[in-house]
Amino acid sequence: MKSHKIELEANKFAVELLPDEFIYEFSDTRVTIKEVAQKFGVPEEVCHLKKIDHID
């Protein structure tokens, strides 16, 4: 159980290496967040953990 928690925290950290600016760069395109993640070396398996701050 402890290793699962550590792995989850590591995945959360990894996905946050994908800055919101990279995602916004592709917001007006048909590129998915998984494709953006792949482009920047973030595993697509953890994309669902990404929290995006909205810019007004």
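When only C-alpha pairs under 8 Å and at least 6 residues apart count, what is the relative contact order of the chain, in percent?
Answer for the chain is 42 percent.
Calculated from DSSP H runs of 4 or more alone, at -39500 (n - 2.57) each and per residue, what is the 222 nm mean residue ellipticity of the chain, nearest 500?
Result for the chain, helices only: -13500 deg cm²/dmol.
Here are a few candidate values for mean projected area of the Cα convex hull in nm²: (1) 4.8; (2) 4.1; (3) 3.3. Which one was actually calculated from the structure I just gave you?
Checked against the structure: label (2).
To the nearest 10 degrees, how steeply does helix 2-15 sit against the main Cα axis of the chain, on a 0 to 90 scale?
Here the helix axis deviates by roughly 20 degrees.
All of the numbers you see were taken from the coordinates with simple rules; none came from a lab. It should be emphasised that the depicted structure is a prediction, and the values quoted were computed from it without experimental measurement.
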